[in-house]
Each structure stands twice: as structure tokens, then as C-alpha cells.
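Values in this text are rule-based calculations from the coordinates and carry no lab data. What you see is a predicted model; the values in this text were computed from it and never measured. Here the Cβ is made from the backbone with ideal geometry for all residues, glycine too, and neighbour counts use every protein chain on show.
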Amino acid sequence: MKNKLFIIAALCAFALGLRAEEAKPASSYAVTMDFTYGTKYVFRGTQLAKDTLFPSVEVSAGPITAGVWSAQPIVDNIDNEIDFYVGYGADLSDGWSLDVGACLYYYPELDKSTGADATTFEPYVGVSGSLGGVSPGAYVYYDTKLEVLTVEGSIGYSVALEPAGASLDFSAVLGRADPKSGSSTTYYSLGAAVPFAISETGTITVGVNYTHNNIAGGDGYGKNSHFYGTIGLALGF
């Protein structure tokens, strides 16, 4: 769905001694807070806003993940967006997993006098895995209110930057959105990101992205192609 930044959540606590710390049971859940800035907000190949903040909070417990993600445009007079999502992951085989879930898109500032809906609901199902150092994935989404079917495939590859304690992560996405009424949209994106740890529980990630859509006449900004950057801080608990 939206471009997300991941860190390994760790637990840090004060203890009276090493033995007491070792005896402390591991937490059954993890919390990740993310604060990202993007020079553009691009969703499935379409630009929705310029400079935007993307704060989020995610909680995971075993195979279940739930979170709140938000898009807060800084300069454009565009409605804020708040997404609530939940997902369940299950192992299919060695290195491959199934992911099912749903997302509720909420636009609290939307002018409903035009007949537009302030919320839409989108369940999804997907598979992802690892194959020879490459991470492929395929997802299907269906917005039940907008009646849009989206099929998206992705692939990722990571190169360790050991001297810097970081990595260089490459990604590519190809998708197609088919509404019940109106024209279909095909889009793709290419990205590169460098996450590096600043502490045991903190990570800063800097990324660059290029995306293209085939919308006749371009998107709301009159463009078919976009180049933009992101920088984010993620903290785990």
C-alpha cells in the first residue's frame, strides 16, 4: 500500500544487575513510531500533495500487526488523511508468507456536501518471500466503496554497507488500478533507500523515488512522472 519504513523493535530497561536483566521475559509485542517527511505525497503513481509529513504508529504481536498512518500536507490546501489498518501474517513455506488485512482510509476535513465519502474501506491479500537474495511480493486490493481493484507486484534487493552500519535497499513496484467505472491506471515506481541505526532502537532512513503513471493528461498536478525524496526517523519500543 503506502511506502513504509521498518526497524527492528528492541526492548531497553534498567535492571539491578546483569542476572536480573537476563531473567527478564521478552515482551510479547512491539511498538514502532515513525516520523517521515516527503517532498511529495505519491500514492500508486499519482501525486496527491507536495511537501507532506507522514507520522505513524504500529503495534505488532505475533502474527498480528495494527497501526495508524497519516498524511499531513504542509503547503498544499489538501485534506489530511488518516489510515487505520490491521493485518495477519502466516508462514506458507520456508521464506514465504501470506498476508491478509484491511485498511480504512479516513479524510476528516473532506467537504461531504459534494456527496463524497469521508471514509473508504480496502481489504487486501498478498504473498511475499525471499528468493536468492531478492524479495518478491504480489498483492491484490479492493476498495469496497470506490469499487477499485488494484493488483500490485514488487521486488526488493538489499546491499549491506557494513563499514557504515547501514544498507542500500532497492525496490521496484508495478501496479494496475481498475475502477468499476472510468479508466484504468497503470503505474510503476523505482526507489533506493539507506537506513542506518542511530541507536539500539532508532533508525534514520533517507530515500529517493521515481514513479510514472499512464493517466491521460496527467494526474491532479498535470504530470505523469514524479521524482521525490524522503527522510524519516523510526523508533522502536
Of 113-124, 163-174, ordering from highest average Cβ density within 10 Å down gives 163-174, 113-124
Options (1) -0.42, -0.84, -1.29; (2) -0.43, -0.89, -1.57; (3) -0.38, -0.74, -1.13 for log10 I(q)/I(0) by the Debye sum over Cα atoms at q = 0.09, 0.13, 0.17 Å⁻¹; the value derived from the coordinates is listed as (2)
Residue-normalised 222 nm signal for the chain, counting each DSSP H run of n ≥ 4 as -39,500 (n - 2.57), nearest 500 deg cm²/dmol, is -500 deg cm²/dmol
